[in-house]
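Note sheet for the following structure.
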Amino acid sequence: MYFATCVLVYWCAKLLAGKKGAMIGLIALLFFCAEPILIEKYVGCTFADFTIMFLNMLGIFVYLVFIFGEHKHRHLFTMILGLIFFWAVKSKEPGICMGILFLGLGKNEQGIWNISRFAKDMGCICLGMITGFLLLMVLDQIFLKDALFSVRPSNIRQLFAFNLKTRNFFNLTNSWYAILCLSPSLTAFLLYLLVGFSLPLSSNLSRHKIVLWLIPLVLMVFMITITIKGQARSRPHYYIIPAIPVISIWAAQFFRFDLNGHLFLKKNNRPIHRGVASAAFVLLAFIVVLVTMRYIAGPIKNAGWESWNQFYTCIILPLSTTVLLISSIIMRRRGLMALFLASLCLFFVVYRPLVNNLTLLRDRVVAKRSELRFEPYRVFADELTFNKDVKILISKDIHKRSWMLGREYKSQCWLFNVFFNQKFDYDQFVDGSWEDILKGDYTYGFLTSQDWKGISQKYNIKHLLKNYKLKTDKKTAYRTRSGAMQLVLLKKR
């Protein structure tokens, strides 16, 4: 999903830039791929925010190519936009922010807004949402054997009870904007704002673009609103993920320069195309950054900085961003010198995060993080047998401490079936509390060492020791948010 989003980021940035937009697309990709939140912290996690990120970009791509561009099958692709919107909202509530795109509907070929055209477009959107609803039922039947899973009132109530319940506030020390300022998103976000403020309101073309530009700010308003209502006990960075690709494609639009025509050498008056000269200037800027980053590590350490990342966050990122903003004001003529300085600042901003992210991918850190989700099944796989009479208890404490396995019995079932390629039913799983563990009416019980220690101290467990074999993963102590954790398996004798 991450790499599919990369492709969409490139194409959407290129489409917004118009002719010769390939370079703008690559710059948008640099901003997106340099974002630490996407790889260093959360890639490999099965968060719905990544799904919304992809669906948002897919919706923007459809809007740019087939609706904004007045494609001959415009109504069909307006339906597809409605389908994508429904799936985004169904994935997680912030998906509703994509609905801002609908404000760009209703314009005819001359760019004039028309109420009847808008009504037809919204009809197509509604038809697309219905299609998405029916298609989701088909997919639920195929993969979950339950066509009504996504629409059953009890499941919807359970989802809203988790996502929208009021929680006590803690760790609310930063605003949503502060989160963006802790990474290369600082530069991208400031450039995003700068580009947006330069969009003329009088142009029909720009009014379409303004709708696209507003998506990250609409997401900010949504996040602020749920915080006001007491719906967020903290501000996890991944909540902001859907905005990052949109910010990246708009930030890249800042790097438009006057590259038409020729330069003439003073000695022999020989012409050189500005495109060739600009490529040379960009290459020179990259070499300067490469050499600087290679040899600056020693002086940084001698100066008393604790780490490269600290020096980057405190010095390189804010200094490069400041120089970039000042140069955009001073150098009104977007020529080769402005291009060189902008390229130099851009490479300084993205170089270190890109190196970190590529290192993580090379060392399979992301893959290992994904594999850890299934760790209890991997550890005790040889102890398990599979048949329709098997009943599996999974302690609530496993997911609470480590994010391993699922959050409740349905997701436990999905993960089990995926890992072992089985077709177990929901009623074969128990999302276990201590009381459920003590009942002993299951075939296998997956526990944490803290579960077993607590139960042993508080209750009489002779009947468990009599009816179950105790298997402990003594080789590994997993580091969790609340200390070391070991896995325990109770296997029925």
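For W113 and S150, compute 0.36 nm times the residue count separating them, minus their Cα-Cα distance, and round to one decimal in nm. Working shown, then result.
Numbers: separation 37, 0.36 × 37 = 13.32 nm, distance 3.62 nm.
Computed gain between W113 and S150 is 9.7 nm.
Computed from the C-beta positions of K400 and L438 and an R0 of 22 Å, the FRET efficiency is 0.75 to the nearest 0.05. Ordered by the count of other Cβ atoms within 10 Å of each Cβ, fewest first, I179, I67, I60 give I179, I67, I60.
How do C413, C6 line up, fewest other C-beta atoms within 10 Å first?
Working: C413 22, C6 17.
Ranking C413, C6 by Cβ neighbours within 10 Å, fewest first, gives C6, C413.
When the listed pairs K92/K145; K423/K492; K368/K491; K90/K492 are checked against a 29 Å cut-off, the alpha-carbon distance exceeds it for K90/K492. Placing a pseudo-label 7 Å from each Cα along the Cα-to-Cβ vector at Y177 and V323 gives an inter-label distance of 2.6 nm.
In region 418-472, what chymotrypsin sites (Phe, Trp or Tyr not before Pro) fall in a loop by DSSP, with at most 14 other Cβ atoms inside 10 Å? Show your work: numbers first, answer last.
Numbers: sites: F419, F420, F424, Y426, F429, W434, Y442, Y444, F446, W452, Y459, Y468; in loops: F424, Y442, Y459.
Here the sparse-neighbourhood loop sites are Y459.
The GluC sites (Glu not before Pro) found in region 296-398 that occupy coil by DSSP, while having at most 11 further C-beta atoms within 10 Å, are E306.
Seen from I300, the other residues with C-beta closer than 13 Å to its C-beta sum to a net charge of +2, counting Lys and Arg as +1 and Asp and Glu as -1. For L26, the shell of other residues with beta-carbons less than 15 Å away shows a net charge of +3, using +1 for Lys and Arg and -1 for Asp and Glu.
Along the axis of the charge dipole computed for region 373-492 (Cβ charges of +1 for Lys and Arg, -1 for Asp and Glu, origin at the Cα centre), the listed residues L393, G454, Q428 are led at the positive end by G454. Within straight-line reach of K120, meaning a Cα separation under 20 Å, sit the following aspartates and glutamates at least 8 residues removed in sequence or on another chain: E70, E109. A simple spin-label model places the labels of F143 and R407 1.6 nm from each other, with each point 7 Å out along Cα-to-Cβ. Of the trypsin sites (Lys or Arg not before Pro) in region 290-347, the ones in a loop by DSSP (not H, G, I, E or B) with at most 12 other beta carbons within 10 Å are R332, R333.
Where does each of K14, K20 land when they are ranked from fewest to most other beta-carbon atoms within 10 angstrom?
Working: K14 22, K20 12.
By the 10 Å Cβ count, ascending: K20, K14.
Near V138, once Lys and Arg are set to +1 and Asp and Glu to -1 for all other residues with Cβ below 15 Å from its Cβ, the sum equals 0.
Coordinate-derived values only; no laboratory data. Since the model is a prediction, treat every value here as computed from it, not as a measurement. Heads up, the Cβs are rebuilt from the backbone with ideal geometry, glycines too, and the neighbour counts pull from every protein chain shown.
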